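The next block holds one structure in the form of structure tokens; read it before the comments.
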Amino acid sequence: MQALTRFWARFEEAFIAFLLAAMTLVTFVYVVLNNVYTLFYTLGDKWEFTSGFFFAIGDTLMGLAQEMTWSVALTKALFGWLIFFGIAYGVRTAGHLGVDAVVKLTPRPVQRVLAMIACLCCLAYAGVFMIASYSWVKTLFVAGIAAEDLDQFGIELGHIAIIVPIGFAMVLIRYLEIMWRIVTHRQTGLGLADEAAEASKLANDIEEQR
């Protein structure tokens, strides 16, 4: 079980890194192709004896840039996947911000009760959106609506939107894990990020370096 947990944690990080890298690479190639072809036209105008060679390269690059109209749509789709996949990752790594200054003033038993109530609210939220988004995605697959600019690759809106119920299902699992840790006294709160504590720690580190 621990090996499976470690594998899934590594997979989450690798998949998020892949999405970021893919978004960056597609955008980079598109921007380069849209700007570099003018350089070869300029070189062709400057050195007329090699103009045919440079113009041919410029035409090729401009043609590739015009064919990459799908790049913006793909980047948006990847970004959507990154958001919904990253929600659960943020729950696991305590990446979501929390306002619990008042809660921390209460005794630990009270903190645990409040954390359980908050966790139940999060479970209900994730469950409702998972069920609703599943029905929505199912309808998209039945309708067979093609994704704009990505239909040439056979991609439909359902293929892009399927990450929504998957993402909320992962969030549901993460909060179930948190609830279990709270019930078994291995955790007190939801494990949210504390900006004030992090800022204080950063200030102390800077002061020590001086």
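Since every read-out is calculated from the coordinates, none of them should be taken as a lab result. Remember, predicted model here, so these are calculated numbers, not experimental data. Glycine also receives a Cβ, built like all others from the backbone with ideal geometry; neighbour counts cover every protein chain displayed.
What is region 70-197's relative contact order, in percent, from Cα pairs under 8 angstrom and six or more apart in sequence? Let's see the in-between values first.
On the way: 120 pairs, mean separation 54.1, N = 128.
It rounds to 42 percent for region 70-197.
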Report the charge-dipole magnitude of region 18-156 in Debye, nearest 20, computed about the Cα centre from +1 at each Lys and Arg Cβ and -1 at each Asp and Glu Cβ.
1120
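May I ask you to compute the full-extension gain from A14 to V142, defined as 0.36 nm times their residue separation minus their alpha-carbon distance, rounded to one decimal in nm?
Here the answer is 42.9 nm.
Multiply the residue separation of F55 and I117 by 0.36 nm, subtract the distance between their alpha-carbon atoms, and state the gained length in nm to one decimal.
Values: separation 62, 0.36 × 62 = 22.32 nm, distance 6.74 nm.
Residue separation times 0.36 nm, minus the Cα-Cα distance, leaves 15.6 nm.
Among 113-122, 69-78, how do they line up by average Cβ neighbours within 10 Å per residue, starting with the highest? If you can, show how the numbers build up before the last one.
Values: 113-122: 16.0, 69-78: 17.8.
Answer by packing, highest mean first, reads 69-78, 113-122.
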Listed residues Y41, L4, F28: farthest to the positive end of the dipole of region 1-68 (Cβ charges):
L4
